[in-house]
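Following: one structure in structure tokens, then a few remarks.
The values are calculated or read from the model by the stated rules, or taken from the named source; none is laboratory data. Source: prediction; values computed, not measured. Neighbour counts are summed over all protein chains in view; Cβ atoms, including those assigned to glycine, are modelled from backbone coordinates with ideal geometry. Ligands, DNA and RNA are stripped out before the accessible areas are found, and what is left, the full protein with its side chains, is counted by its heavy atoms. Shrake-Rupley method; radii C 1.70, N 1.55, O 1.52, S 1.80 Å.
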Amino acid sequence: QVQLMESGGGLVQAGGSLRLSCSASRVTFNMNVMGWYRQVPGNERELVATITSRGDTNYADSVRGRFSISRSKTGNTVYLQMNRLESEDTAIYYCRLNQRGSITWGQGTQVTVSS
């Protein structure tokens, strides 16, 4: 069973930066999508950014131009560089791996942006 380990969350002032990392214990299929989602208590989980194994990226409108998603050369680790953070970015951030429809979620990492 694949496991995802996230790190990099924390407390930062508005305008600051954080970098999240997520490592998969194993990636079985070459064609897959890794991504970051976030959730505020009481709200639905929402997409932040995704990246395919080919390197194609997709961003939510709210983060485009401020956040950047990337993957390691091995493909097992995905990063989310978050710049110009805003208080609205405060949430639990979850890593997600989609391998041929098989979905795995990380445990989540808290990001808090103080204004």
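For residue 53 paired with residue 21, estimate the spin-label separation in nm (one decimal), with each label point 7 Å from Cα along the Cα-to-Cβ line.
According to this spin-label approximation, the distance is 2.3 nm.
At 1.4 Å probe size, with every protein chain present, just tell me what the per residue accessible area of the chain comes to in Å².
Accessible area per residue: 55 Å².
How big is the shadow of the Cα convex hull of the chain, averaged over all directions, in nm²? Kindly include the intermediate steps, with their values, before the conclusion.
Values: hull surface 27.0 nm².
Convex hull of Cα atoms, orientation-averaged projection: 6.7 nm².
What number, in percent, do you get for the relative contact order of segment 67-115 if the mean sequence gap of Cα pairs under 8 Å and at least 6 apart is divided by its residue count? Don't skip to the end; give the middle numbers.
Values: 62 pairs, mean separation 15.5, N = 49.
So the answer I get is 32 percent.
Take the solvent-accessible surface of the protein heavy atoms, probe 1.4 Å, and return the percent of it on segment 10-59 that carbon and sulfur atoms account for.
Looking at segment 10-59 in its full context, I get 47 percent from C and S.
With every protein chain in place, what's the accessible area of residue 28 (1.4 Å probe, Å², nearest 10)?
Accessible area, nearest 10 Å²: 80 Å².
Within 10 Å, count the other beta carbons around each residue, average over each peptide in 65-74, 87-96, and list them highest first.
Result, highest mean Cβ count within 10 Å first: 87-96, 65-74.
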